[in-house]
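The next block holds one structure in the form of C-alpha cells; read it before the comments.
The values are calculated or read from the model by the stated rules, or taken from the named source; none is laboratory data. A quick note: this is a predicted structure, and the numbers were derived from the prediction, not measured. In this analysis, Cβ positions are derived from the backbone assuming ideal geometry, glycine residues included, and neighbour counts consider all displayed protein chains.
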Amino acid sequence: MVNYIILGPPGSGKGTQAKKLAEKLGLFYFGTGDLMRKEAEKGTPLGKEFQAVWDKGQGELVSEELTDGFFEEKIRENLEKSIVFDGFPRTLSQVRNLEKIYGKLSTKFKVLNIEVSSGDLIQRMQTRRVCSKCGKIFFRPLESGIRQCDVCGGELTQRQEDTPETIKKRIEVYNKETQPVIDYYKEKGILINIDGAPAISAVEKEIWEKVNE
Ligand code: AMP
C-alpha cells in the first residue's frame, strides 16, 4: 500500500494537485485545511477554536493541543485506505505522530514537494478566489469585475488567509515549520521535487510522470 504526502507552500497549488492525484489513483483525499474548515462551519467547540486562530490573521498553524487528537481520529478512521495527505504533516512533531499511527503497518509513503518561489506565491494568492457555494478555486482579481463562479454561479470570495499580510506570514510559518519536514523526507530518500511554477496542467503532468517512474 502506498500513501502520498503532498508538501508545498501556501498558494503552490498543492490542494488542487493532491485532489487530482487522489482522483486519478482512486485514493482517499485527506486535506487537513478542508477538514478543519468543515469543523469550523459546524460550529463545534473545537471548530470555534480553529476559527479563533484564523481570525487573528497571523497565518499561524493551529496548535498541537487542538489538532493532534482531531487529526489522529480522522486518520484512524481511514487507516485501511490508501491516502493522499494534503496539509499534513506540516511539522516534525506531526511527522512523528504519523509514524506512530502507522506503527508497524507495511504502508509505504511517497512525498511530493511542490516548489514555487515566494514572489510567485504572493502574486498568486492575492488573486485566489473561492466559490462560496461549490468551493471551486479561481485565480481572478476582483478588479476583473467577474464575481460569479463559472460553474455554479455562486459568489466568489477571498479566503481570510489570502490577504497580503497573512500570505507573507503564512510563507514565513511554512519556512520555519515545514522546511524541516522537507529536509527530513529528503534525508530518508523518499522526497520527489516538483516544479510548481508552470500552469496547473503542466504540474499535474510532471507529478503523474514522477509518480509512475
Ligand atoms: P490549508 O488549507 O491547508 O492551507 O490550511 C488552512 C489553515 O488550517 C492553516 O493556515 C492552518 O492554520 C490550519 N492547518 C491546516 N493543516 C494544519 C496542520 N497540519 N497543523 C496545524 N494547522 C493546520
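For the range 50-79, the set of residues classified as over 16 Å from residue 39 (Cα atoms) and of a type in the set (Gly, Ala, Ser) consists of 57, 59, listed by residue number. Whether any residue in the range 94-105 is of a type in the set (A, V, I, L, M, F, W, C), touching a Phe, Trp or Tyr at 6+ places or on another chain (Cβ under 7 Å) and more than 11 Å from the ligand (Cβ to nearest atom) is what I want to check. No: the range 94-105 contains no residue that is of a type in the set (A, V, I, L, M, F, W, C), touching a Phe, Trp or Tyr at 6+ places or on another chain (Cβ under 7 Å) and more than 11 Å from the ligand (Cβ to nearest atom). In the set (1) within 10 Å of the ligand (Cβ to nearest atom); (2) of a type in the set (S, T, N, Q); (3) closer than 21 Å to residue 23 by Cα, residue 82 fails one condition alone, (1). Report yes if residue 28 is at negative phi and buried (at least 18 other Cβ atoms within 10 Å of the Cβ), otherwise no. When the stated conditions are applied, residue 28 does not pass them.
Within the range 91-99, is there a residue that is touching a residue at least 60 places away in the same chain (Cβ under 8 Å), surrounded by fewer than 14 Cβ atoms within 10 Å (Cβ to Cβ) and closer than 16 Å to residue 6 by Cβ? Looking through the range 91-99, none of the residues is touching a residue at least 60 places away in the same chain (Cβ under 8 Å), surrounded by fewer than 14 Cβ atoms within 10 Å (Cβ to Cβ) and closer than 16 Å to residue 6 by Cβ.
Table: residues versus (1) among the aliphatic types (A, V, I, L, M); (2) assigned to a helix (DSSP H, G or I).
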residue	(1), (2)
150	no, no
171	yes, yes
184	no, yes
187	no, yes
213	no, no
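Residue selection: residue 165 satisfies the criterion of being loosely packed, with under 13 Cβ neighbours inside 10 Å, assigned to a helix (DSSP H, G or I) and within 16 Å of the ligand (Cβ to nearest atom).
Per-residue answers, yes or no, for (1) modelled with pLDDT of 90 or more; (2) under 18 Å from residue 19 (Cβ atoms):
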site	(1), (2)
143	no, no
153	yes, no
159	no, yes
164	no, no
168	no, no
176	yes, no
182	yes, no
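The listed residues are 38, 19, and the only one of them that is among the charged types (D, E, K, R), more than 11 Å from the ligand (Cβ to nearest atom), under 17 Å from the mean Cα position of the chain (by Cα) and more than 19 Å from residue 209 (Cα to Cα) turns out to be 38. Could you check how many residues of the range 39-95 are in a helix (DSSP H, G or I) and among the hydrophobic types (A, V, I, L, M, F, W, C)? Adding up the residues that qualify gives 12.
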